[in-house]
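The values are calculated or read from the model by the stated rules, or taken from the named source; none is laboratory data. Because the structure is a prediction, the values reported are computed rather than measured. All Cβ positions, glycine included, derive from the backbone under ideal geometry; neighbour counts span all protein chains shown. Keep in mind that these areas ignore ligands, DNA and RNA; they rest on the heavy atoms of the full protein, side chains included. Shrake-Rupley method; radii C 1.70, N 1.55, O 1.52, S 1.80 Å.
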Amino acid sequence: MAQLHKLGFEAEIKCSADKYFGMFSNNVTQLPKFVPSTFKSVEITEGDGTSIGSTRLWKYAIVISKDRLTTFNKEKRSLVYEITQGGIMNYYKVFNVKIDVVPKQHATGNGSLVKWSLEFEKVNDDIPDPTAYIDAIQLVTNELSSQLC
């Protein structure tokens, strides 16, 4: 029987929620300008990038993957992407990435809480949890926050 697993983390950033969420919704193709050590390019291959079913081709420093947008909620600043192609699919039958960006008020100004989560199903029990992906997302979150905010 299929078993879905979850991993995730939260990070406080200095950016406004709209600005940070906007990078992953309306300006995702600009990510390589802000985090060139991780992203070589991001291309919208179908749709407009914010419509359900839009697909994107991600070229990372060492891998390539393709995803499909399955959930987009601008008001809640929430996105879910389903990875559909790439080397990761050799290890996971299902691999979904979710981001939620929540505004926060600080004494020193505005900021946000970024919540990332991975939902995955392994092809077999010998496959490790994708902790390296969480580590990579944490690095991207920190680097993008320092560049964007």
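Which residue, of Asp67, Asp100, is out of contact with any Phe, Trp or Tyr (no Cβ under 6 Å at 6 or more places or on another chain), assigned to a strand (DSSP E or B) and either open to solvent by less than 50 Å² (accessible area, probe 1.4 Å) or small (Gly, Ala, Ser) (or both)? Of the residues listed, the single one that is out of contact with any Phe, Trp or Tyr (no Cβ under 6 Å at 6 or more places or on another chain), assigned to a strand (DSSP E or B) and either open to solvent by less than 50 Å² (accessible area, probe 1.4 Å) or small (Gly, Ala, Ser) (or both) is Asp100.
Checked against (1) within 30 Å of Lys14 (Cβ to Cβ); (2) modelled with pLDDT under 95; (3) of a type in the set (A, V, I, L, M, F, W, C); (4) open to solvent by less than 50 Å² (accessible area, probe 1.4 Å), Ile88 passes all but a single condition, namely (1). Can you find a residue that is within 21 Å of Asn142 (Cβ to Cβ), assigned to a loop (DSSP other than H, G, I, E, B) and among the hydroxyl-bearing types (Ser, Thr, Tyr) anywhere in region 46-63? For region 46-63, residues within 21 Å of Asn142 (Cβ to Cβ), assigned to a loop (DSSP other than H, G, I, E, B) and among the hydroxyl-bearing types (Ser, Thr, Tyr): absent. Would region 10-21 turn up any residue that is at pLDDT 95 or above and open to solvent by 80 Å² or more (accessible area, probe 1.4 Å)? Checked region 10-21: at least one residue is at pLDDT 95 or above and open to solvent by 80 Å² or more (accessible area, probe 1.4 Å).
Considering region 103-112, the residues that are open to solvent by 50 Å² or more (accessible area, probe 1.4 Å) and not charged (D, E, K, R) include one that is modelled with the highest pLDDT, namely Pro103.
Number of residues in region 33-50 that are within 16 Å of the chain's Cα centre (by Cα), within 19 Å of Glu82 (Cβ to Cβ) and open to solvent by 20 Å² or more (accessible area, probe 1.4 Å): the value is 3. For Glu82, the test of being assigned to a strand (DSSP E or B), within 23 Å of Phe9 (Cα to Cα) and modelled with pLDDT of 95 or more is passed.
From the list Lys76, Lys115, Lys93, pick out the single residue that is under 11 Å from the mean Cα position of the chain (by Cα), open to solvent by 60 Å² or more (accessible area, probe 1.4 Å) and at pLDDT 95 or above. None of the other options fit; the residue is Lys115.
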